[in-house]
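Q: Below: one structure in C-alpha cells.
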Amino acid sequence: MEIPYTVTARPDTGLWNAKVGIWLFLASEVMLFGGLFSAYIFLRLDAEPGYWPHGLLNVPVGTFNTAILIISSVTVVLAWAALKMRRYGRYKIYLACTIFFGILFLVVKLGYEWPQKYDHFGAYIKTSSLEKYEKYLGNKHLLAEGLPPRVELTGHLHNEAALHDPNIKEYEIALDKVYTDPTDPKLDRPHFLYVPPTDQIATVEKADVERATMFLPTHSTYFASYFTITGLHGLHVLGGVVIFTYLFFFGGKTYRQNPEHLANRVEVAGLFWHFVDLVWIFVFPLFYLL
C-alpha cells in the first residue's frame with residue numbers, strides 16, 4: 001500500500017505529511033529550548049553580584065562556529081534548490097558541504113572548546129577573606145566605579161593534587177590576565193582573541209575558599225547551564241549530520257524513483273537544520289557576549 005501525500009499536498013492542510021510533522025516537532029523543540037533559555041535568564045537575574053562568571057568563553061571560537069552554522073544553512077538550501085532543478089551532482093556537492101560544516105562545528109565545540117574548560121580553575125573567596133586578596137580582586141576600585149565586585153580567582157591550577165589531598169592547604173593559581181591589573185574592568189569582559197593564564201602565581205589558602213572547582217557543570221549555575229544547553233544543541237547538530245549523511249549515501253534510489261520525494265525529504269531536514277542554527281544564534285550572545 002502506498003502512503004498518500006508524501007509528495008503532493010494534503011487538501012486539508014495544504015502541506016504534505018512530512019512537512020506537517022516537522023512543524024509539529026519544531027513546535028515542541030521551541031518549548032524545550034525556550035524553557036532552558038528562560039531558566040538561564042532568571043538564574044542570571046537572580047545571581048548575587050560577583051557570583052555570575054563572565055568573560056570566560058572564547059569569543060573568536062564562538063564567532064567561528066556561528067559563521068559555520070550560517071554557511072551550512074545556505075548550503076542546505078542550495079542542495080534543495082539543486083534537486084528542484086534536477087541537478088543531482090550539485091545536490092551532492094552542497095549536501096557534502098553541509099555535512100562537513102556540521103562535523104567541523106562539533107569538532108570545534110567538543111574537541112577544542114570544551115576541553116579548555118576542563119583545564120581552567122576557579123576559587124570563590126569567602127566574604128570574610130576578600131580583603132586579604134584585594135591586590136588581585138581590585139574590589140575597592142570596582143565599587144568606586146559602580147561595578148559589581150569580584151569574588152572569584154580564576155586561572156590554571158598548578159597543584160591539581162590540592163583538589164583531592166586534604167593535607168595540601170593551599171591552591172597555587174596561575175591567574176587570568178584580569179588580575180594583573182584589577183583596576184581595568186575591560187579585562188573582565190569577553191576578549192576577541194583568547195587570553196591564556198599568566199605567569200603570575202597566587203597562593204590561596206583553602207581556609208579562605210568557599211568552593212573551588214574546574215570549569216565543570218559543578219562550578220556554577222552558569223557552567224551547568226552552558227554545558228546543558230550547548231550539549232543538547234550539539235546532539236541536535238549530530239542528529240542533523242546523521243540525517244544528511246543518510247540522504248547523501250542512500251538518496252540516489254529515491255531520486256531515481258521520484259526526484260520530488262527526495263527534494264521534500266531534504267527540505268524537511270533543512271527546516272530542522274535551520275532551527276538548530278537559530279538556537280545557536282540565541283546561545284552565542286547569551287553566553288559569549290553578555
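No value in this document is a laboratory result; all are computed from the given coordinates. Keep in mind it's a predicted model, so treat the numbers as computed, not measured. Cβ atoms come from the backbone with ideal geometry, glycine included; neighbour counts cover every protein chain shown.
Q: List, in order, the whole-Hz ³J(HN,Hα) value for each residue of the range 241-250 obtained from phi through the Karplus relation with A = 6.51, B = -1.76, C = 1.60 and θ = phi - 60°; use x for Gly and Pro.
A: 3J(HN,Hα) across the range 241-250, in whole Hz: 4, 4, 4, 5, 5, 4, 5, 5, 8, 10.
Q: Something else about it: Between helix 17-45 and the chain, what is the angle of the helix's C-alpha long axis to the longest principal axis, kept within 0 to 90° and rounded to the nearest 10?
A: Value to nearest ten degrees: 10.
Q: Taking H as built 1.01 Å from N, whose amide H comes closer than 5 Å to the amide H of Leu147, not counting residues under 5 places away?
A: So Leu147 has HN proximity to no qualifying residue.
Q: For an R0 of 35 angstrom, estimate the FRET efficiency from the Cβ-Cβ distance between Asp199 and Ser128 and round to the nearest 0.05.
A: Computed FRET efficiency for Asp199 and Ser128 comes out at 0.75.
Q: For every helix of n ≥ 4 consecutive DSSP H residues, a contribution of -39,500 (n - 2.57) applies; sum these over the chain, divide by its total residues, and give [θ] at 222 nm rounded to the nearest 500 deg cm²/dmol.
A: On the way: 8 runs with 151 residues, N = 290.
It lands at -18000 deg cm²/dmol.
Q: Enumerate the residues in the range 44-71 having an amide nitrogen under 13 Å from the point lying 7 Å beyond the Cα of Leu286 toward its Cβ.
A: 44-45
Q: Let a ≥ b ≥ c be the square roots of the eigenvalues of the Cα gyration tensor of the chain; is it rounded (a/c under 1.5), or, if not, prolate (a/b larger than b/c) or oblate? Intermediate values should be presented prior to the final figure.
A: On the way: a/c = 3.10, a/b = 2.66, b/c = 1.16.
Prolate shape, in that a/c is at least 1.5 and a/b is the bigger ratio.
Q: Treating only the Cβ of Lys, Arg, Asp and Glu as charged (+1, +1, -1, -1), what charge dipole size does the chain show about its Cα centre? Round to the nearest 20 debye. All intermediate terms of the calculation are to be shown ahead of the outcome.
A: Details: 24 positive and 26 negative charges, 326 e Å.
Magnitude of the dipole: close to 1560 debye.
Q: Calculate the dipole size of the range 143-290 relative to its Cα centre from +1 charges on Lys and Arg beta carbons and -1 charges on Asp and Glu beta carbons; express the result in debye to the nearest 20. List each step's numbers first, then the result.
A: Numbers: 10 positive and 17 negative charges, 186 e Å.
Rounded to the nearest 20 debye, it is 900 debye.
Q: Roughly how tilted is helix 59-84, in degrees to the nearest 10 and between 0 and 90, from the longest Cα axis of the chain?
A: Its long axis makes an angle of about 0 degrees.
Q: Just to check I understand the Karplus step: with θ = phi - 60° and J = 6.51 cos²θ - 1.76 cosθ + 1.60, what whole-Hz values come out for the range 147-157, glycine and proline as x?
A: 9, x, x, 9, 10, 10, 9, 10, x, 9, 7
Q: Taking the Cβ of Phe227 as the center, what net charge do the other residues with Cβ under 13 Å away carry, scoring Lys and Arg +1 and Asp and Glu -1? Please report the intermediate quantities before stating the final value.
A: Working: positive: Lys109, Lys117; negative: Glu113.
Summing Lys/Arg as +1 and Asp/Glu as -1 gives +1.
Q: To the nearest 0.05, what FRET efficiency results for His54 and Trp23 with a Förster distance of 25 Å applied to their C-beta separation?
A: Working: r = 36 Å, r/R0 = 1.45.
E between His54 and Trp23, to the nearest 0.05, is 0.10.
Q: In degrees, nearest 10, range 0 to 90: what is the angle between the Cα axis of helix 259-283 and the longest Cα principal axis of the chain?
A: Its long axis makes an angle of about 20 degrees.
Q: Taking the Cα centre of the range 36-172 as origin, work out the dipole magnitude from +1 charges on Lys and Arg Cβ and -1 charges on Asp and Glu Cβ, in debye rounded to 20. Each step should come with its number before you reach the end.
A: Numbers: 14 positive and 12 negative charges, 241 e Å.
Dipole magnitude for the range 36-172 comes out near 1160 debye.
Q: Take the alpha carbon gyration tensor of the range 101-182, find the square roots of its eigenvalues, order them as a ≥ b ≥ c, and report rounded if a/c is under 1.5; if not, report prolate when a/b exceeds b/c, else oblate. Please list the in-between numbers first.
A: Working: a/c = 3.12, a/b = 1.43, b/c = 2.18.
Taking the square roots of the gyration eigenvalues as a ≥ b ≥ c, the range 101-182 is oblate.
Q: For the range 132-290, what class follows from the C-alpha gyration tensor (a ≥ b ≥ c being the square roots of its eigenvalues): rounded when a/c is under 1.5, otherwise prolate if a/b is larger than b/c, else oblate?
A: Values: a/c = 3.90, a/b = 2.49, b/c = 1.57.
Prolate shape, in that a/c is at least 1.5 and a/b is the bigger ratio.
Q: Can you tell me the FRET efficiency between Leu232 and Arg256 if r is taken as the Cβ-Cβ distance and R0 is 30 Å, rounded to the nearest 0.05? Provide the component values of the computation, followed by the final result.
A: Numbers: r = 37 Å, r/R0 = 1.24.
E between Leu232 and Arg256, to the nearest 0.05, is 0.20.
Q: Under 23 Å Cα to Cα from Lys169, which lysines show up? Leave out anything in the same chain fewer than 8 places away.
A: Correct list for Lys169: Lys126, Lys132, Lys135, Lys206.
Q: Given points 7 Å out from each Cα along the Cα-Cβ axis, report the Val242 to Glu170 separation in nanometres with one decimal.
A: About 5.1 nm, to one decimal.
Q: Once amide H atoms are placed 1.01 Å from N in the peptide plane, what residues at a sequence separation of 5 or more from Glu210, or on another chain, have their amide H within under 5 Å of its amide H?
A: Tyr124, Ile125, Lys126
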